[in-house]
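Below: one structure, written as structure tokens.
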Amino acid sequence: MPTSSILWLQQQRRLLELEYEYEKAQFRAQTETIGVTRKIKQGLCWYPLCLGRSYYNSLNQLVIEVERTEYTDTDHGFEPGKQVCFFTQDASGDLRRNGHGGQLHYFHFTGTVSFVDGNMMAVVLPDMEALSHLREDGRIGVQLYLDETTYRLMFEALDRVSAARHGRLAELRDIFHSTAQAGHFSFQPIRFPWLNPTQETAVNEVLRAKDVMIVHGPPGTGKTTTLVEAIYETLHRESQVLVCAQSNMAVDWISEKLTDRGVAVLRIGNPSRVNDKMLSFTYERRFEAHPSYPSLWAIRKAIRDLYARRPSSGREAFHQKVARLRDRATELEIAINESLFNEARVIACTLAGSANRVLAGKKFPTLFIDEAAQALEASCWIAIQKAGRVILAGDHRQLPP
């Protein structure tokens, strides 16, 4: 088996580790040496917070709303999907009198920003214990946290690709990074009179590709038009494809063009990071709109209510009842998922989003990566793990990763 491809990927991992360690060091320096007031002015922190209502969203995630009560006109870097951590400050600290205040104490959990609206923010918490800790303490603050999730996904992807000894993933790795040749189907070119000759050639090359194809589209050449046509034509041969890009904006752009062509798109990702036109196509909105969702919500609420008034005796009967409700909830969730994915012809998400739990175990005959030149190779491998063949579209002379 060729080893050059594995050596290349191992070198990629080492470089990624250097970047990761640098970011961690920068974060530690900010956390340990910068006072609260300075963090607030740099947009890294809200303090103090007023804790608002807590609730469960459509994905059964625990969410708490928080509001900043001071420095309300200061710009900040909190955005949907960002990781955050919470802290308290010693009562001895006076934020207004000095730049540091008292000693900060960080909670041993992180949250994820769900949405931000003015001075209000909703944060997804890991569990009820985390919520209890927040409610117990007095003056609470929230700070941006080093988002290790994407790094973890890239490291895991590189490790899996390097470790692959056979199968499709190993074949694609060696096509990209060794002397293995990409294969092609042979058939007469298909005419697309509404495309120009180079666009028509590109679509035909995509359809002929057995393994990998690159569509180079400089500005003004109609790359998006070509890619949409290639996806549309591929769907005449395959039941479903995966379409990814590095940024949410790029995913939304190609998704909009596909929906304009009448293609059923299921957009995976945080709804707060999706543009208004694609919002109704997101997994969460479609999940909430499913006819079975009210029944699922009622069961989830019944489980929470049972735990809220858990009896001191008769625990076996209590756990049996909860187990039955959970089994029924799982059945409904699986049924809703199957319904949503069976209806969709295109699954659209960011490269990191392809690791979303709702896509666990799913494979796709073809993966299209738009704006591929904007992405790190490691992030591309997150999605390539799910694909039988890969179509890369972009322009290496435009925005680099």
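Here is how the numbers come out for the structure above:
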{"item": "Gain on full stretching of the segment that runs from Q83 to Y293 - 0.36 nm per residue minus C-alpha separation", "result": "72.8 nm"}
{"item": "Potential lengthening between R309 and K41 on full extension [0.36 nm per residue; Cα-Cα distance subtracted]", "result": "92.1 nm"}
{"item": "Rounded accessible area per residue of the chain, 1.4 Å, Å²", "result": "50"}
{"item": "For segment 123-144 and segment 270-337, distance of Cα centres in Å", "result": "23"}
{"item": "Pairwise FRET efficiency - F155 versus M120, Cβ, R0 = 45 Å, nearest 0.05", "result": "0.85"}
{"item": "Electrostatic dipole magnitude of segment 269-378 [Cβ: Lys, Arg +1; Asp, Glu -1; Cα centre; debye, to 20]", "result": "660"}
{"item": "Segment R28-K210, extension gain: residue separation times 0.36 nm, minus the distance between their alpha carbons", "result": "60.8 nm"}
{"item": "Spin-label zone in segment 53-74 - amide nitrogen under 20 Å from a point set 7 Å from the Cα of I334 along the C-beta vector", "result": "59-60"}
{"item": "For segment 148-235, alpha-carbon Rg over 2.2 N^0.38 Å", "result": "1.37"}
{"item": "Student exercise, segment 32-72 dipole from Lys, Arg, Asp, Glu Cβ charges, in Debye to nearest 20", "result": "120"}
{"item": "Rg and Dmax of segment 1-66, Cα atoms only, in Å", "result": "20.4, 59"}
{"item": "Set of aspartates and glutamates with alpha-carbon distance to K277 below 17 Å, sequence-local pairs under 8 removed", "result": "D252, E256, D260"}
{"item": "Simple label model, 7 Å out from Cα along Cβ direction - S247 to H184, nm", "result": "3.3"}
{"item": "Label-point separation in nm, A163 to R397, each point 7 Å along Cα→Cβ", "result": "4.2"}
{"item": "Reach of K301 by Cα under 18 Å, taken over lysines that are not fewer than 8 positions away in the same chain", "result": "K321"}
{"item": "Principal axis dimensions, largest first and in whole angstrom, of segment 257-381 by Cα", "result": "61, 32, 27"}
{"item": "Two-site label geometry, L195 and F341: point separation in nm, points 7 Å out along Cα→Cβ", "result": "2.9"}
{"item": "Accessible surface of the chain, 1.4 Å probe, proportion on carbon and sulfur as whole %", "result": "52"}
{"item": "Whichever lysines have a C-alpha closer than 19 Å to that of K223, once near sequence neighbours (fewer than 8 apart) are set aside", "result": "K257"}
{"item": "The chain: calculated mean residue ellipticity at 222 nm from DSSP helix runs of at least 4, using -39500 (n - 2.57)", "result": "-13500 deg cm²/dmol"}
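The values are calculated or read from the model by the stated rules, or taken from the named source; none is laboratory data. Just so it is clear, the structure is predicted and the values come from calculations on it, not from any experiment. Quick reminder, even Gly has a Cβ in these numbers, built from the backbone with ideal geometry, and neighbours come from all protein chains shown. With ligands, DNA and RNA removed, areas are computed over all heavy atoms of the protein, side chains included. Shrake-Rupley method; radii C 1.70, N 1.55, O 1.52, S 1.80 Å.
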